[in-house]
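Colleague: I have a structure here, written as structure tokens, and I will follow up with some questions on it.
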Amino acid sequence: MSAPTEIIPAVHARLPTLTGMRFLAALLVFVFHAATVFDYPDGETAADVGWLTGKLAFLGVSFFFVLSGFVLTWSVRSGDTAARFWRRRACKIYPNHLVTFLLAVALLLALHKPVTGWWQNLLLIHAWFPDQAIFNSANVVSWSLACEAVFYLLFPLLHRWLVRIPCSTLWWWACGSVVAVLCMPLLAQALVPATGGDPTQPGSSLSQVWFLYIFPPVCLLQFVLGMVMARIVLSGRWIGLPLPLAAVLLLGGYALALVVPYNFGVNATTIVPVALVIAAGAVADVRGTATLLRGRVAVWLGEVSFAFYLVHYLVLLHGRELAGIQGSGDVVVELAVLTGAMALSLCLAWLLYVGVERPFMRRWSRPRGSARPPQRRRQPARPPQRQRGPVTGRQHGGRVARGDAVLPQHGGQVASGPRPRERRW
């Protein structure tokens, strides 16, 4: 049997399709929250819409966690250090978090509402507390940043483990990660007290949903799966599933989530298609396959998606009250209000992106005077390792099959091109 074929170019390919997917994931969370504040004309309609949209936030956040592991593994820089990695990630998430935290507290005070769990939220440790007054404090959606902070802290160590896994066993590790996620609902039912039960969530409770959806060690399983999927693609062991078919599988997984017992619908039914969609999107970008998410508008929406995610619930939850808009029960009026909330959220997200996120990343994410890594260059002029025709060489145990030579990863060798510096973590 021939060795697997490598498909990744020397300079890690940009992934515009995955950037566009980020906004779709944020949009799922927006729709979920919009459905919770919508003023329905009758209870039956409210119940039907609530059932249909009730798992969208679970899917959107799960997608973010798997995507985070995938993209960070994909973009590891040769010679990077843990300290520099942590610095970049802190500059990426904390300035936006601080601004939206202060905005959320100001809105709560202006509306004469209690401010609870503020110091846990500010320190991004609030996801560790199974108390809704803490993990849903201030800016409600920021609990996911507390999980991301754990992922970033552990990533250098996890990556050192990941690159030591033999390529031939990567799919087994991916399956093991999926099995671990599937076992979590059973573990929640067996070990987590069923306190704070909700009649709209039969067979579940608030504490069990916290364990499955918010508790950082459980969420870490999804992040690790994303890391393993990235290495599967990088090592040329992708199964060739096209993106449209992966998207159909994802729709099926969500449909299944609506009918299985509530705890299994949190992320168990969608974890496999989420991982497949992300990997298929990356492969499509590497191969230059046209997708609906590679366009300029989709990429721009993906770039502001993090800021959009952080501001949208503040607009939905507090904007209406501040504007004095009363629920009318008129579907047309309610849809117009939500459209306005969507537009305002995008405007605020753009301001946050250009005024906070991007300036902090440009100014503070790298030590002063440090050179931009070679991997970030768009297209080096006449790179010495580029040549026509297939190039055979070792990389993750595979063979290079595309027309351009590939720089080695993780200590591999290629017939042409210099040997890179070993990574320092």
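Colleague: Could you tell me whether the stretch 373-393 includes any residue that is modelled with pLDDT under 90, within 23 Å of the chain's Cα centre (by Cα) and either assigned to a loop (DSSP other than H, G, I, E, B) or under 30 Å from ARG231 (Cα atoms) (or both)?
Modeller: Looking for residues that are modelled with pLDDT under 90, within 23 Å of the chain's Cα centre (by Cα) and either assigned to a loop (DSSP other than H, G, I, E, B) or under 30 Å from ARG231 (Cα atoms) (or both), one finds at least one in the stretch 373-393, hence yes.
Quick grid of which residues meet (1) in a helix (DSSP H, G or I); (2) without any contact (Cβ under 8 Å) to a residue 12 or more places away in the chain:
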position	(1), (2)
GLY319	yes, no
GLN326	no, yes
GLY329	no, no
LEU338	yes, no
SER345	yes, no
GLY355	yes, yes
ARG358	yes, yes
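Colleague: May I pose another question? Filter the stretch 260-304 for residues that are over 17 Å from the mean Cα position of the chain (by Cα), without any contact (Cβ under 8 Å) to a residue 60 or more places away in the chain and open to solvent by less than 30 Å² (accessible area, probe 1.4 Å) and give the result.
Modeller: Narrowing the stretch 260-304 to residues over 17 Å from the mean Cα position of the chain (by Cα): 260-265, 269, 283-292, 294-297.
Retained after the next criterion (residues that are without any contact (Cβ under 8 Å) to a residue 60 or more places away in the chain): 260, 269, 288-290, 296-297.
Within the stretch 260-304, just THR269 meets the criteria.
Colleague: State all residues of the stretch 135-194 that are out of contact with any helix residue (DSSP H, G or I) (no Cβ under 9 Å at 6 or more places or on another chain) and in contact (Cβ under 8 Å) with a residue 40 or more places away in the chain; if no residue qualifies, say none.
Modeller: Of everything in the stretch 135-194, those that are out of contact with any helix residue (DSSP H, G or I) (no Cβ under 9 Å at 6 or more places or on another chain) and in contact (Cβ under 8 Å) with a residue 40 or more places away in the chain turn out to be ARG160, PRO166, SER168.
Colleague: State the number of residues belonging to the stretch 125-140 that are buried (at least 21 other Cβ atoms within 10 Å of the Cβ) and touching a Ser or Thr at 6+ places or on another chain (Cβ under 9 Å).
Modeller: The qualifying residues number 5.
Colleague: I need the full set of residues from the stretch 56-84 which are at pLDDT 95 or above and surrounded by fewer than 20 Cβ atoms within 10 Å (Cβ to Cβ), in order please.
Modeller: Answer for the stretch 56-84, where residues must be at pLDDT 95 or above and surrounded by fewer than 20 Cβ atoms within 10 Å (Cβ to Cβ): just VAL71.
Colleague: Against the definition (of a type in the set (D, E, K, R), under 22 Å from the mean Cα position of the chain (by Cα) and surrounded by fewer than 16 Cβ atoms within 10 Å (Cβ to Cβ)), how does ARG358 come out, yes or no? Talk me through it step by step, then tell me what you get.
Modeller: Working: of a type in the set (D, E, K, R): yes; under 22 Å from the mean Cα position of the chain (by Cα): yes; surrounded by fewer than 16 Cβ atoms within 10 Å (Cβ to Cβ): yes.
Criteria met by ARG358.
Colleague: Got at least one residue in the stretch 7-24 being β-branched (Val, Ile, Thr), over 18 Å from the mean Cα position of the chain (by Cα), modelled with pLDDT under 95 and open to solvent by 10 Å² or more (accessible area, probe 1.4 Å)?
Modeller: Yes, the stretch 7-24 contains at least one residue that is β-branched (Val, Ile, Thr), over 18 Å from the mean Cα position of the chain (by Cα), modelled with pLDDT under 95 and open to solvent by 10 Å² or more (accessible area, probe 1.4 Å).
Colleague: Restricting to the stretch 115-124, name every residue that is open to solvent by less than 20 Å² (accessible area, probe 1.4 Å) and closer than 20 Å to VAL209 by Cβ.
Modeller: Within the stretch 115-124, GLY117, GLN120, ASN121 meet the criteria.
Colleague: Being among the hydroxyl-bearing types (Ser, Thr, Tyr) and without any contact (Cβ under 8 Å) to a residue 60 or more places away in the chain is the filter here; which residues of the stretch 59-104 pass it? Working first, answer last.
Modeller: Going residue by residue through the stretch 59-104, those that are among the hydroxyl-bearing types (Ser, Thr, Tyr) are 62, 68, 73, 75, 78, 81, 94, 100.
TYR94, the sole residue that qualifies.
Colleague: What do you reckon, is TYR213 within 28 Å of TRP51 (Cβ to Cβ), in contact (Cβ under 8 Å) with a residue 60 or more places away in the chain, among the hydroxyl-bearing types (Ser, Thr, Tyr) and in contact with a helix residue (DSSP H, G or I) (Cβ under 9 Å, 6 or more places away or on another chain)?
Modeller: Working: within 28 Å of TRP51 (Cβ to Cβ): yes; in contact (Cβ under 8 Å) with a residue 60 or more places away in the chain: yes; among the hydroxyl-bearing types (Ser, Thr, Tyr): yes; in contact with a helix residue (DSSP H, G or I) (Cβ under 9 Å, 6 or more places away or on another chain): yes.
Yes, satisfied.
Colleague: Oh, and also: For residues in the stretch 277-291 being in a loop (DSSP other than H, G, I, E, B) and of a type in the set (Val, Ile, Thr), which is farthest from LEU67 (Cα to Cα)?
Modeller: Residues of the stretch 277-291 in a loop (DSSP other than H, G, I, E, B): 288-291.
The next check asks that each one be of a type in the set (Val, Ile, Thr); those that pass are 289, 291.
Working: THR289: 20, THR291: 18 Å.
Result: THR289.
The values are calculated or read from the model by the stated rules, or taken from the named source; none is laboratory data. Given the structure is predicted, the values throughout are model-derived calculations rather than measurements. As a convention, Cβ positions derive from the backbone with ideal geometry for all residues, glycine included, and neighbour counts pool all protein chains shown. Note: areas computed on protein heavy atoms with side chains; ligands, DNA, RNA excluded. Shrake-Rupley method; radii C 1.70, N 1.55, O 1.52, S 1.80 Å.
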